[in-house]
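First the structure, in the form of structure tokens, and then the observations on it.
FYI, it's all coordinate maths here, none of it is from the lab. It should be emphasised that the depicted structure is a prediction, and the values quoted were computed from it without experimental measurement. Heads up, the Cβs are rebuilt from the backbone with ideal geometry, glycines too, and the neighbour counts pull from every protein chain shown.
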Amino acid sequence: MNFLAIAAIYRFEMQRFFRTLLQSFVSPVISTSLYFVVFGAAIGSRIDQVEGVSYGAFIVPGLIMLSVITQAISNASFGIYFPKFIGTIYELLSAPVNFLEIVIGYVGAAATKALFIGVVILATSALFVDVEIQHPGAMVAFLLLTCISFALFGFIIGIWAQNFEQLQLVPLLIVTPLVFLGGSFYSISMLPPFWQTVTLFNPVVYLISGFRWAFFGQADVSIGLSLLAIAGFTALCLFLIWRIFRTGYRIKS
């Protein structure tokens with residue numbers, strides 16, 4: 001394992017993040033505040049509690065997941081797409097590094113950025129509501145797994161995309177709606193039985209449910225299913241990336 005190569009890629013990607021640190025810090029703080037104003041104040045004034053938890057506190061895990069998933073995808077996809085766009089990807093492919101070291105460098109940096117955003121949102125949420133974390137270890141584990149798995153997914157999107165429009169296509173038209181419909185701001189138990197069944201086909205439900213359990217000890221689906229879902233998604237992304245580098249799909253052509 002070439003740790004020097006991994007560190008070089010990781011530092012290069014993180015430097016781009018630190019050059020816009022103020023924007024990276026202020027943006028999630030403002031967006032989180034707006035969510036609490038709109039959902040916490042406007043809707044929360046009409047919904048006192050959800051499953052024994054105040055509505056303002058109830059939306060915190062979903063809000064963190066929403067931001068972490070979108071940030072992990074966008075950072076990883078842009079990180080690998082830009083070298084393709086300007087042609088420097090060929091220098092990387094000709095260097096004495098294997099695909100695993102490339103993936104660890106880019107995905108590690110994207111996951112770190114998403115984790116930073118998640119921590120910022122959690123700290124901002126504490127200014128508005130009392131945030132209780134019953135299972136801090138599980139919370140950290142779910143957060144890390146989500147950052148890594150969706151950074152892998154974003155890496156795949158960055159390789160697949162052939163222009164900047166395609167780079168935003170999947171996150172905007174597929175991922176974001178799935179997150180909003182995955183119980184980010186409500187419990188699926190509030191839905192009619194038919195729509196509860198339909199919602200269970202949304203993979204994001206299992207991530208948000210497990211993450212919310214770490215906070216409040218309550219979940220819409222079992223924790224075992226949540227862990228199985230995120231483990232399966234991570235394994236699928238790793239397999240697809242292996243196939244991409246094995247065949248050279250949209251990298252060497």
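Points to keep in mind about this one:
- Remark: the stretch 3-247 carries a charge dipole of roughly 500 debye about the Cα centre, counting +1 on each Lys and Arg Cβ and -1 on each Asp and Glu Cβ.
- In plain terms, the bigger the Kirkwood radius, the slower the diffusion; for the stretch 1-146, with that radius from Cα pairs, at 25 °C and 0.890 mPa s, Stokes-Einstein puts D at 144 µm²/s.
- Extension reserve of the SER33-ALA123 stretch, reckoned as 0.36 nm per residue once the Cα distance is removed: 31.3 nm
- The stretch 82-192: C-alpha gyration tensor shape, a/c 1.5 cut-off, then a/b vs b/c: prolate
- Nearest-0.05 FRET efficiency for LEU22 and ASN98, computed from C-beta distance (R0 30 Å): 0.25
- Principal-axis analysis of the Cα atoms of the chain puts helix 55-86 at an angle of about 10° to the longest axis.
- Förster radius 51 Å - calculated FRET efficiency between PHE194 and ALA8, Cβ distance, rounded to 0.05: 0.45
- Extended-chain gain in nm, criterion 0.36 nm per residue less alpha-carbon gap, THR247 and ILE133: 36.6 nm
- Efficiency of FRET from Cβ geometry, LEU173 and GLN49, R₀ 35 Å, rounded to 0.05: 0.55
- Sequence ranges 225-232, 147-154, 127-134, ranked by mean other-Cβ count within 10 angstrom, highest first: 147-154, 225-232, 127-134
- Rg ratio (alpha-carbon, reference 2.2 N^0.38 Å) - the stretch 50-110: 1.72
- The stretch 210-253, Cα convex hull volume normalised per residue, Å³: 73 Å³
- Relative pair counts by distance (%), Cα atoms of the stretch 3-247, 5 Å bins: 1, 6, 13, 18, 19, 16, 12, 8, 5, 2, 1, 0
- Neighbours of SER226, meaning other residues whose beta-carbon lies under 14 angstrom from its beta-carbon, give a summed charge of 0 when Lys and Arg score +1 and Asp and Glu score -1.
- Protection proxy ranking, peptides 195-202, 61-68, 76-83, average beta carbon neighbours within 10 Å, highest first: 61-68, 76-83, 195-202
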